[in-house]
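Novice: Dropping the structure in here first, questions after.
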Amino acid sequence: MFKRFFKTVTALVVAVPLIAGGAFATIAVAAPFHPGDSLFAAQQLADQFRLTLTFDPVQRAAFELDLADRRLADLETSIGSPNELMALAYFDTALNQAVLGIAAVPLERASDLRTRLGLLSARALDVFSRLSVLPTSAPNVLTTAFSKLVAVGVAAVDSTKSGNDLVGISTTDLGITIEGGTTSSLNNPRAVPFPANSSAAAHSFFPLTGQHATLVCSSCHVSGVYKGTLDTCAGCHAQVKPADHFAGDCAGCHTTDAWKPAKFDHSSGADCQSCHLNDKPANHFDGQCSACHSTKVWTPATFSHTGQTTCASCHTQNKPAGHFEGECGVCHKDTTNWKNASFDHSQTGGQDCTACHSAPANHFTGSCSSCHKDTTNWKNASFDHSQTGGQDCSACHSAPANHFSGSCSSCHKDTTNWKNAGFDHSQTGGQDCSACHAPPANHFSGTCSSCHRDTTNWKNAGFDHSQTGGQDCSACHNPPANHFSGSCSSCHRDTTNWKNAGFDHSQTGGQDCSACHNPPANHYGTPCSSCHHDTSNWGNASFDHPWFDIHHEGTNGNCTNCHPGSDYSQTDCVTCHQQEEGGGDDDGGGGDDGGGDDDDDDGRPGRGGGGDDDDDDDGGGDDDAPVGFGSILQWLQWIALNIN
C-alpha cells in the first residue's frame, strides 16, 4: 500500500511541473490574452519565465522587442475602449525592458536591433494618434508618452547615441502603475459600484434616457473616475460638433434618442439672422428672412409681391449690363420666374427696334422691321427680296474670298438659302472651265471639258482614251519609282483602272524572268523559270530536283542541310565533302561498304544507295538498297579526289 502511494506521489511530482511547464510554454508562444483578461497576468509570467531561459544578449533583446510588438498590438486593439490606459501602461513597460536589453548588447552587434526599435517607435506613434479615450481622460499621460516615444525612435537610429543614452530616455515615467491587472494614474482612483436600489444607481441626478440608457458606466466615467464628470452635451460630444455650429444649448434641437433629425422650436419669435447669419449668401435681400422663408425648409422661398411698386428696389443687383432701362414690370409680369418675360411691342408708338436693341457687327443697316416682323423671336426673320428694285445681291451681301466675280443672281436665285445655288453652264458661250475654275496642282493640262462633261459634279469625270491618237500612257501619266520601263499599254489595257493590269509573258520571246525582275539576296542562281512556272503569282513556285538525290547522306529532303542560309551558289560534291577527303574513319573509309561511309581500307564510297551502314555487309541504307543516282555521284566524287 505504501509503495503504491509513493509511486503516485512521485508521478504527480514529475507530471505537475511538466504539465505546468508545457502550459506556460504554450501561453508564452500563442499569447492569447490581452490586458484586462483574467489570465493575462499568467501570460505575462510565462513570457518572463521564457525570457530568463534566453542567455544570449542579442536573442534576449530580440525576444523583448517581440514582447513590445505584442503589447503595441494589444494597445491598438483597445482603441476606443476603457482599457486604453492599461494597454498603454503594459506597452510602456515592455518598451522599457526592450530598451534595457538592447543597451546591454555590444554596439557592433546591435545595429539590426536598433533598426527594429526605430520601426517599432514609428508604428507606435501611428497607434497613439488614433487613441480616442486617453486624449480626454488622461491627456498629460498621452503627451508624455508621445514625447518619450519620439525620443526613443530618434536615439535608436542615431549611431552617435550609446546604450546609456537609450537607458536614460527609457527612465521617463508616464505616471501610470499596474496593480493586479488594473491601472491607476496619479491618485489611483478606483471604480466603486453604486449600492443596488440607491438613488445614485437610479441616476436620478442625470436621467439616463434614450441612447444614454444603453451605455455602460465606463463610457462616461473613464477609468472609474466619477468625480468631475461633465453633465452637459458639449462635455462629451464636443468632438462631433461641426465648425460654425449654432452656439445655443444642444438640447434646444437634439434629443437623447438620436442626433438626427434635430428640431428647433421657432415659435420663440427670435429673428432668423440671430442663428442663420452665416447661411445668408452675398448680395442677399436685406429684408426680414421670414418674408420669404418658412421654418421647415430654406428652399423654395416665396415672396408676396402684392403692393410692391418697383422691382428695382430689391433686384437692382440682378439686372444685367446693357439691360432695358425701362420699368421692370413692363416685361416681368411673372414674379416667380425672371425668364418668363415678354414685352408688348404694340405699345412702342411706331419706334424702330434700334431704339432699344443694338444690332450685331456687320449687320444690315436698313430698318430692323424690314426683316424682324416677329417680335417674340429675333431669329424668325425674313426679307422680301422682291422689294430691292432690281439691285444685285452684292449691294447688301459680301462674297467670300476667291468667289466668282460675276453677278450673284447668275447662281443664287433662291433668296431664302445661299447654298441652293446653280449655274447654267450653257450660257458660257463655249468658254473652257479654266476661265472660272483653277485646276489643282499637277492636274492634266489639257482642256477641262475633255474629262469634265457633267457641270454639276467635278468628280463625275471620264476621259475617252480612244481619242489619244495612239499615244502611250506616259505622255500624260508618270510611272512610280522602279516601274517597268516598257510601254504602259503592255500591261495597262483597262483605261478606267490602273490596278487592273496584266502582262502576257508568252510575248517575251523566251527571255528569262531576270531580264525584267531582280531576285532577292541569296536567291537560287539558276534560271527563274526552273521554279516559277506560274507567271501570274511569284509565290506559286516549285522546284524539281531530278539531277541529285534530295535524301542524299541523310538530308531527308531538307534544303538547308546542303544550302545553309539559303545559299544556292555552291552545288558540287567537292564543296560538301572536301572535309571528308582521306576517309571519315581512321582507316580512310566509311561504313563496311555502304554508300556514305566505308570502313574498308581503300577509302572508296560504298556501293549502297547513299545511307550510312556500319553493320551491313553490302552497304547502302538497307542491305538490299539498289545503287542509286546518289551513289554514282559519290563514285564520281571519289574518283575526282583520288585521281592523282
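Condition check ((1) surrounded by 11 or more Cβ atoms within 10 Å (Cβ to Cβ); (2) part of a loop (DSSP other than H, G, I, E, B); (3) at positive phi) across all residues:
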| site | (1), (2), (3) |
| --- | --- |
| 469 | no, yes, yes |
| 480 | no, yes, no |
| 485 | no, yes, no |
| 489 | yes, no, no |
| 499 | no, yes, no |
| 506 | no, no, no |
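Novice: Right, next: Looking at region 109-131, which of the residues that are among the small types (Gly, Ala, Ser) and open to solvent by 10 Å² or more (accessible area, probe 1.4 Å) is farthest from the chain's Cα centre (by Cα)?
Specialist: 111
Novice: Here is a list: 68, 62, 103, 46. Which entry is surrounded by 17 or more Cβ atoms within 10 Å (Cβ to Cβ) and either closer than 15 Å to residue 123 by Cα or in contact with an Asp or Glu (Cβ under 6 Å, 6 or more places away or on another chain) (or both)?
Specialist: Unique residue meeting the criteria: 68.
Novice: Looking only at residues in region 304-327 that are over 54 Å from the mean Cα position of the chain (by Cα) and farther than 24 Å from residue 293 by Cα, which one is surrounded by the fewest Cβ atoms within 10 Å (Cβ to Cβ)?
Specialist: Out of the qualifying residues, it is 325.
Novice: Residues in region 329-369 that are aliphatic (A, V, I, L, M), surrounded by 11 or more Cβ atoms within 10 Å (Cβ to Cβ) and either within 27 Å of residue 310 (Cβ to Cβ) or touching a strand residue (DSSP E or B) at 6+ places or on another chain (Cβ under 7 Å) (or both): how many?
Specialist: 2
Novice: Quick check: anything in region 83-99 buried (at least 23 other Cβ atoms within 10 Å of the Cβ), aromatic (Phe, Trp, Tyr) and in a helix (DSSP H, G or I)?
Specialist: Yes - at least one qualifying residue is present in region 83-99.
Novice: Ok, one more. Note down all Cβ pairs under 8 Å where the first residue falls in region 273-295 and is on the phi < 0 side of the Ramachandran plot, the second is open to solvent by 90 Å² or more (accessible area, probe 1.4 Å) and among the β-branched types (Val, Ile, Thr), and they're at least six residues apart or on different chains.
Specialist: 292/302
Novice: Of all residues in region 381-399, count the ones that are assigned to a loop (DSSP other than H, G, I, E, B) and open to solvent by 90 Å² or more (accessible area, probe 1.4 Å).
Specialist: Within region 381-399, residues that are assigned to a loop (DSSP other than H, G, I, E, B) and open to solvent by 90 Å² or more (accessible area, probe 1.4 Å) number 2.
Novice: Let me ask another. Output yes when any residue across region 268-290 is part of a loop (DSSP other than H, G, I, E, B), of a type in the set (Gly, Ala, Ser), modelled with pLDDT of 80 or more and under 25 Å from residue 80 (Cα atoms), and no when none is.
Specialist: The answer is no; no qualifying residue exists.
Novice: State which residue is most open to solvent (accessible area, probe 1.4 Å) when the search covers only region 440-460 and only residues that are part of a loop (DSSP other than H, G, I, E, B) and closer than 14 Å to residue 476 by Cβ.
Specialist: 442
Novice: Would region 238-248 turn up any residue that is more than 46 Å from the chain's Cα centre (by Cα) and of a type in the set (S, T, N, Q)?
Specialist: No, the conditions are met nowhere in region 238-248.
Novice: Follow-up question, since we're still on this one. Mind listing just one residue for me: the one in region 108-160 that is part of a helix (DSSP H, G or I) and acidic (Asp, Glu) and, of those, nearest to residue 91 (Cα to Cα)?
Specialist: It comes out as 126.
Novice: How many residues does region 132-146 hold that are open to solvent by less than 80 Å² (accessible area, probe 1.4 Å) and without any contact (Cβ under 8 Å) to a residue 12 or more places away in the chain?
Specialist: 2
The values are calculated or read from the model by the stated rules, or taken from the named source; none is laboratory data. Predicted model, so just to flag it, every value in this text is computed and none were measured. Neighbour counts are summed over all protein chains in view; Cβ atoms, including those assigned to glycine, are modelled from backbone coordinates with ideal geometry. The area values use the complete protein model at the heavy-atom level, side chains included, leaving out ligands, DNA and RNA. Shrake-Rupley method; radii C 1.70, N 1.55, O 1.52, S 1.80 Å.
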